[in-house]
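Working notes, structure below.
The values are calculated or read from the model by the stated rules, or taken from the named source; none is laboratory data. Computed from a predicted model, the values in this text were never measured in an experiment. Here the Cβ positions follow ideal geometry from the backbone for every residue, glycine too, while neighbour counts run over all protein chains shown.
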Amino acid sequence: MESVVSVHGLRKRYGHFEAVAGIDLEVQRGEIFAFLGPNGAGKTTTVEILEGFRARTDGQVSVLGIDPAKGDAEWRNRVGAVLQESNAEPGLTVRESLQLYSGYYLHPRDIDETIALVGLEEKADTLGPQLSGGQRRRLDVALALIGDPELIFLDEPTTGFDPSARRTAWHVIHGLRGLGKTVFLTTHYMDEAEQLADRIAVIADGRIVAEGTPGTLGGRNRMAATIRFTLPAEVGSDELPPELRALLAGEDGRVTLTSDTPLAHVGELAEWAQSRGIDLPDLDVRRPNLEEVYLELTRGES
Amino acid sequence: MTAASRGPLALVLHQARFDLLGILRNRQARFFTLVLPLLFLIIFVGVFGNHTVKGTGVKASTFFVPGLSALGVIAASFVNLVISITAQRESGILKRRRATPVPAWVLIAGRTLTAVTISLTVLTVLLAFGRIVYGVNLRLAALPGVALTAVVGSITFCVLGYALSTAIKNEDAAQPMVQAIMLPLYFISGVFIINTNLPSWLRHVASVFPVEHLSDGLHKAYDPAAHGVGIVWSDIGVLALWAGIGVAVALVRFSWLPKAAVA
């Protein structure tokens with residue numbers, strides 16, 4: 001595996017305030033990496049250092065083998081950035097904006113193909129400022145992609161979106177994987193990181209507090225699952241087989257069991273219910289919510 | 001072949017082409033830079049009449065055309081640029097452009113070339129309108145003087161625009177700021193009214209600032225009694241000096257990132 005982003009002991013101080021307090025990161029080629037944390041945790045500061053917009057106080061940083069503080073035009077040809085806040089180019093349509101940006105690069109992607117990639121075909125001749133928030137963000141992604149970069153930074157790409165616009169944006173970001181791009185995504189939405197990322201690092205108070213895949217983050221893979229269902233009124237939870245009764249964690253109209261081996265226990269429950277001729281229409285099995293893990297990890301942060 | 005692969009000059013033209021397109025699609029910019037100077041010409045001649053100006057021997061319109069040409073150059077180069085650059089900086093557009101391989105100087109040169117193009121267009125419209133409607137006569141020999149003064153003036157006011165934008169927090173503050181600076185200067189610099197009758201201290205104040213020198217350079221080039229190519233080197237010199245000051249300020253203070261940026 002080849003490291004595309006490599007960070008060791010990165011620090012950034014503003015006066016007495018340490019926004020980034022010594023972090024290490026490795027992002028491999030072709031990976032979608034999510035950098036997750038609450039507002040003010042140091043995400044954007046870190047990304048702006050990686051993008052070459054901010055000087056660091058201390059530490060080693062390498063992006064595509066280059067120190068971003070010394071990134072030249074050749075390096076910028078290989079990196080794309082969707083900034084946290086950037087408006088559309090005033091007075092230019094989607095296609096014209098992409099024509100403008102494609103002229104900046106030596107080997108840009110095809111304009112129409114890039115418009116299709118972000119799903120803006122029907123808006124190609126619409127002025128940028130007239131697009132909806134979600135469409136503008138997709139134009140941002142298209143502008144970052146037009147130079148055909150190896151690595152693309154996405155700084156909070158869906159903040160302030162309605163659910164359907166988020167789904168569409170996720171679909172576009174997911175599509176970047178198919179192009180073989182390495183994606184460095186920052187977000188404060190747990191579900192976004194879970195949906196999109198191969199690997200997640202959680203930052204709080206300028207420090208990395210956890211790192212892992214969506215399945216293993218914060219030891220989530222070792223946490224017990226919960227099984228919940230509602231019994232018919234005439235059946236009491238004390239009628240459950242003893243080994244399931246032992247797992248009982250709560251009962252407030254719905255029965256809640258906690259289990260380290262959910263599949264075996266659900267099987268047992270199903271067998272028991274069928275033998276009694278009961279259906280359990282609202283049965284659900286769920287691992288601890290990643291949101292809960294995240295809140296636990298970043299607790300104490302505002 | 002992209003603009004970038006055809007070299008820096010092609011990239012400047014590429015940038016200017018899209019900057020120009022963006023400005024022409026902006027109704028406010030269109031009105032204040034292209035329409036207003038012409039409207040002023042029609043109103044001024046209507047209000048004051050097209051009589052011979054006392055002590056000069058030229059028609060009033062021959063005074064108004066170069067004065068309002070100076071206004072057009074400043075509107076296209078300074079007013080429009082300060083407002084658009086401040087807005088683009090605060091909305092992250094400048095930062096996003098800087099995240100691409102395009103060199104900073106190309107963005108500045110492209111935007112300046114756009115302003116020069118608009119300035120020369122306004123100047124040409126005023127010249128043609130003045131000639132056809134009011135019989136304002138520009139000596140053919142003075143054309144190089146008019147063009148050179150307008151181009152140097154436009155570049156100077158672009159540079160000063162970049163310098164001033166560093167002192168403005170956001171787009172809303174840009175419009176009042178530029179007008180507060182420019183309106184008094186227009187009145188004492190011979191843009192709207194003849195300044196030879198002003199008290200000498202006011203003339204001295206005016207002569208420090210670049211507006212008076214752009215206006216004076218254009219007026220002298222238009223003077224039907226003058227001879228030669230219409231270049232007033234002292235005016236060009238003061239404009240260039242101001243451009244130098246603008247470059248120095250911009251080099252130290254100009255930032256591509258929003259002022260309202262978060263840590």
Restricting attention to region A:69-117, which residues are in contact (Cβ under 8 Å) with a residue 60 or more places away in the chain and closer than 26 Å to B:I83 by Cα? A:A81, A:V82, A:L83, A:Q84
Scanning region B:76-117 for residues that are surrounded by fewer than 22 Cβ atoms within 10 Å (Cβ to Cβ) and polar (S, T, N, Q), the one nearest to B:L36 (Cα to Cα) turns out to be B:T117
Looking at (1) touching a residue at least 24 places away in the same chain (Cβ under 8 Å); (2) over 23 Å from A:I173 (Cα atoms); (3) among the small types (G, A, S); (4) more than 11 Å from every other protein chain (Cβ to nearest Cβ), which is the one condition that is false for A:A34? (2)
Before we move on, is B:A99 without any contact (Cβ under 8 Å) to a residue 60 or more places away in the chain, away from chain A (no Cβ under 14 Å) and out of contact with any Gly (no Cβ under 6 Å at 6 or more places or on another chain)? no
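Taking into account only those residues within region A:8-30 that are touching a helix residue (DSSP H, G or I) at 6+ places or on another chain (Cβ under 9 Å) and away from chain B (no Cβ under 14 Å), which is farthest from A:R299 (Cα to Cα)?
To start, the set of residues in region A:8-30 that are touching a helix residue (DSSP H, G or I) at 6+ places or on another chain (Cβ under 9 Å) comprises A:10, A:12, A:14, A:19-20, A:23, A:25, A:30.
If we keep only those that are away from chain B (no Cβ under 14 Å) as well, we get A:10, A:23, A:25, A:30.
On the way: A:L10: 23, A:I23: 19, A:L25: 22, A:G30: 32 Å.
Restricting to residues being touching a helix residue (DSSP H, G or I) at 6+ places or on another chain (Cβ under 9 Å) and away from chain B (no Cβ under 14 Å), the top hit is A:G30.
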Positions within region A:72-120 being part of a loop (DSSP other than H, G, I, E, B) and of a type in the set (F, W, Y), in sequence order: A:Y104, A:Y105
Residue, farthest from the other protein chains (Cβ to nearest Cβ), within region A:42-71, restricted to residues that are part of a loop (DSSP other than H, G, I, E, B) and among the small types (G, A, S): A:G65
For region A:158-185, give me each residue that is at pLDDT below 95 and within 14 Å of chain B (Cβ to nearest Cβ). A:T159
Give the residue that is farthest from the other protein chains (Cβ to nearest Cβ), with candidates limited to residues of region B:44-60 that are surrounded by 12 or more Cβ atoms within 10 Å (Cβ to Cβ) and within 24 Å of B:V79 (Cβ to Cβ). B:V45
Sole residue being within 11 Å of chain A (Cβ to nearest Cβ) and either in contact with a strand residue (DSSP E or B) (Cβ under 9 Å, 6 or more places away or on another chain) or over 30 Å from B:K259 (Cβ atoms) (or both), chosen from B:A10, B:A29: B:A10
Give the residue, chosen from A:E194, A:E239, that is surrounded by 12 or more Cβ atoms within 10 Å (Cβ to Cβ), touching a helix residue (DSSP H, G or I) at 6+ places or on another chain (Cβ under 8 Å) and among the charged types (D, E, K, R). A:E194
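Would you call B:N80 within 14 Å of chain A (Cβ to nearest Cβ), more than 20 Å from the chain's Cα centre (by Cα), touching a residue at least 24 places away in the same chain (Cβ under 8 Å) and closer than 25 Å to B:R27 by Cβ? Give the steps one after another, and end with the answer.
Details: within 14 Å of chain A (Cβ to nearest Cβ): yes; more than 20 Å from the chain's Cα centre (by Cα): no; touching a residue at least 24 places away in the same chain (Cβ under 8 Å): yes; closer than 25 Å to B:R27 by Cβ: yes.
Spelling it out, it is not the case that B:N80 is within 14 Å of chain A (Cβ to nearest Cβ), more than 20 Å from the chain's Cα centre (by Cα), touching a residue at least 24 places away in the same chain (Cβ under 8 Å) and closer than 25 Å to B:R27 by Cβ.
Would you kindly identify the helices (runs of 4 or more DSSP H) lying entirely within region A:214-302 that contain at least 3 residues that are aliphatic (A, V, I, L, M) and touching a residue at least 60 places away in the same chain (Cβ under 8 Å)? Don't jump to the end; show me each part of the working.
Details: elements: A:242-245, A:262-275, A:290-297.
Counting at least 3 such residues, we get A:290-297.
Evaluate region A:72-84: report whether one residue or more is away from every other protein chain (no Cβ under 11 Å) and not hydroxyl-bearing (S, T, Y). It would help to see each step written out before you state the result.
If we filter region A:72-84 for residues that are away from every other protein chain (no Cβ under 11 Å), which is where we start, we get none.
Scanning region A:72-84, I find no residue that is away from every other protein chain (no Cβ under 11 Å) and not hydroxyl-bearing (S, T, Y), so the answer is no.
Quick check on region A:59-75. Is at least one of its residues farther than 17 Å from A:T187 by Cα, in the same structural domain as A:T182 (by TED's automatic domain parsing), of a type in the set (V, I, T) and surrounded by 23 or more Cβ atoms within 10 Å (Cβ to Cβ)?
Yes, because at least one residue in region A:59-75 is farther than 17 Å from A:T187 by Cα, in the same structural domain as A:T182 (by TED's automatic domain parsing), of a type in the set (V, I, T) and surrounded by 23 or more Cβ atoms within 10 Å (Cβ to Cβ).
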Here are some residues: A:A116, A:A88. Which one is among the aliphatic types (A, V, I, L, M), touching a Leu at 6+ places or on another chain (Cβ under 9 Å) and either closer than 17 Å to A:V172 by Cβ or within 8 Å of another protein chain (Cβ to nearest Cβ) (or both)? A:A88
Based on this model, can you work out whether A:G215 counts as at pLDDT below 90, exposed (fewer than 12 other Cβ atoms within 10 Å of the Cβ) and either aromatic (F, W, Y) or not assigned by TED's automatic domain parsing to the domain that holds A:I32 (or both)? no
What number goes with the only condition from (1) closer than 30 Å to A:Q274 by Cα; (2) in contact with a Pro (Cβ under 9 Å, 6 or more places away or on another chain) that A:G236 does not pass? (2)
Is there any pair with a first residue in region B:1-13 that is touching a residue at least 12 places away in the same chain (Cβ under 8 Å) and a second that is loosely packed, with under 14 Cβ neighbours inside 10 Å and part of a helix (DSSP H, G or I) whose Cβ atoms are under 9 Å apart and which are 6 or more apart or on different chains, and what are they? B:P8/B:W105; B:V12/B:W105
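Just wondering, is there one or more residues in region A:266-275 that are β-branched (V, I, T) and at pLDDT 90 or above?
So in region A:266-275, the residues β-branched (V, I, T) come out as A:266.
Now narrow it down to the ones that are at pLDDT 90 or above: A:266.
Yes.
Can you name every residue in region B:26-43 that is within 30 Å of A:Y101 (Cα to Cα) and either polar (S, T, N, Q) or surrounded by fewer than 16 Cβ atoms within 10 Å (Cβ to Cβ) (or both)? Spell out how you get there, then give the answer.
Filtering region B:26-43 down to residues within 30 Å of A:Y101 (Cα to Cα) leaves B:26-34.
Across region B:26-43, the qualifying residues are B:N26, B:R27, B:Q28, B:R30, B:F31, B:T33.
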